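Peer 1: Before we start, here is the structure in question, set down as structure tokens.
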Amino acid sequence: MKKTLIISLGALLLATAGFYYGNYKAERLIAGQIELINSSYAEMASQGLMPAVQLNYSKIRANYWRDHYRLSGLQLQIAGVGTVAEIGRLSIRGFKPGKLSQQGELRIQQLQLSNLLQQMLPPEVGKLLAASPLWLDYRYQYQPTQDLLTLQQQLRVGDAMRLELQLQLTAVQALWQLGSELAAMDLEQQQAYQQGKQQPRVQQALAGLQLVSGELTLENNGYLQQLQPVLLAQPATAQLAELKPQLEVYVQSTELVTERIRENLLLFLHEPQRLKLSFNLQRPLTWQQLQSGELAEELTTPEQWVAFTGLLVEAN
């Protein structure tokens, strides 16, 4: 009985030690990556390619066994200026050293300009930015059997606004192979790879991507109404504040949508609360096909456009 208990306790201690050692090694790996990034920034700054930028943090926490990493108190600093941006916490899931995971997530919490930079801005701009920290969430999932890549992005401005975008792409295999090769390299090898003769291969892989479907959701809880007078007050952004009437004119005149969709778009523009647009193409298309204008020859009526794209619009 005692012998069994001793063996069990020994196995438990070994497992616990292995757990903490794995996490410690993972934390050191992340710290080493940041050191390499800062070294790279310093080298480029010495060559006059960019300002002297440095990334600092206060704490790293890693759970190697769950592929979950967290960095707290991130600061982006520029020599001679000081801290220009701060991130409360950055979380990474799915990161595996030397390997490209089939799914992953990057979450940025409380991204905002530093107090120093806010004070350099016009008072109304600085006040709005101080009250509106950003929360960003990026996710991806690759399904190799279907050669399908799902990309998701969420932007949240406090509780005042939320924007979500999701896209599904196919013909991803060539790009995924490139990503896998890059993931197997260290940072210096990645930089040499990107600066080498690989750009045509990257461009070819990107050009081969085909769009399948997508969804955009915007929820506004007063942020757009706060933003408009701030934009109007600044000469550099005053034209952006005039975007709303321009959009209204376009929606009223375009022949690419049905009357039902037109009504929903105008409803949101008049009273922006919630807007959801989704589409599901009858056949996947490359970016070049979308931009070439060949669809305009094939689809000549709003009903044909809506049928081909599967476009749905919901407002408020």
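Peer 1: Of the listed values [x] 41, 29, 23; [y] 37, 21, 17; [z] 26, 22, 21, identify the label whose number matches semi-axes √(5λ) of the Cα gyration tensor in Å calculated from this model.
Peer 2: [x]
Peer 1: Now a separate question. List the relative contact order of the chain as a percent without decimals, with contacts defined as Cα pairs under 8 Å and 6+ residues apart.
Peer 2: On the way: 512 pairs, mean separation 32.8, N = 316.
After rounding, I find 10 percent.
Peer 1: Around LEU231, what is the net charge, scoring Lys/Arg as +1 and Asp/Glu as -1 over all other residues with Cβ under 15 Å from its Cβ? Intermediate values should be presented prior to the final figure.
Peer 2: Numbers: positive: LYS127, LYS244; negative: GLU124, GLU242.
Its environment carries a net charge of 0.
Peer 1: Based on the mean of other Cβ atoms within 10 Å per residue, sort peptides 253-259, 31-37 so the most packed one is first.
Peer 2: Working: 253-259: 12.1, 31-37: 13.9.
Listed from highest to lowest mean packing, they are 31-37, 253-259.
Peer 1: Evaluate the distance, in nm, between pseudo-label points positioned 7 Å from the Cα of GLN154 and of ALA45 along their respective Cα→Cβ axes.
Peer 2: 3.5
Peer 1: On to the next question. Just order 39-48, 150-159 by mean Cβ neighbour count inside 10 Å, highest at the front, would you?
Peer 2: On the way: 39-48: 12.8, 150-159: 15.7.
Listed from highest to lowest mean packing, they are 150-159, 39-48.
Peer 1: Ok, one more. Please give the Cα centre distance for the stretch 48-94 versus the stretch 268-284, rounded to the nearest Å.
Peer 2: About 35 Å separates the Cα centre of the stretch 48-94 from the one of the stretch 268-284.
Peer 1: Measure nothing but the geometry: give the 0 to 90° angle between the long axis through the Cα atoms of 173-183 and the longest principal axis through the Cα atoms of the chain, rounded to 10°.
Peer 2: 40
Peer 1: Further question on the same structure: How about LYS276: which aspartates and glutamates have a C-alpha closer than 12 Å to its C-alpha, ignoring those fewer than 8 places off in the same chain?
Peer 2: Here the aspartates and glutamates satisfying the reach criterion relative to LYS276 are GLU164, GLU215, GLU219, GLU314.
Peer 1: Still on this structure, I have one more. Rounded if a/c is under 1.5, else prolate if a/b beats b/c, else oblate: with a ≥ b ≥ c from the C-alpha gyration tensor eigenvalues square-rooted, which is the stretch 189-316? If you can, show how the numbers build up before the last one.
Peer 2: Working: a/c = 2.27, a/b = 1.27, b/c = 1.79.
In terms of gyration-tensor shape, oblate.
Peer 1: Hey, what angle do you get for helix 223-232 against the long axis of the chain, alpha-carbon based, 0 to 90 degrees rounded to 10?
Peer 2: For helix 223-232, the angle is close to 70 degrees.
Since every read-out is calculated from the coordinates, none of them should be taken as a lab result. Being a predicted model, the structure only gives us computed values, none of them experimental. Glycine gets a Cβ as well: all are built from the backbone with ideal geometry, and neighbour counts include every protein chain shown.
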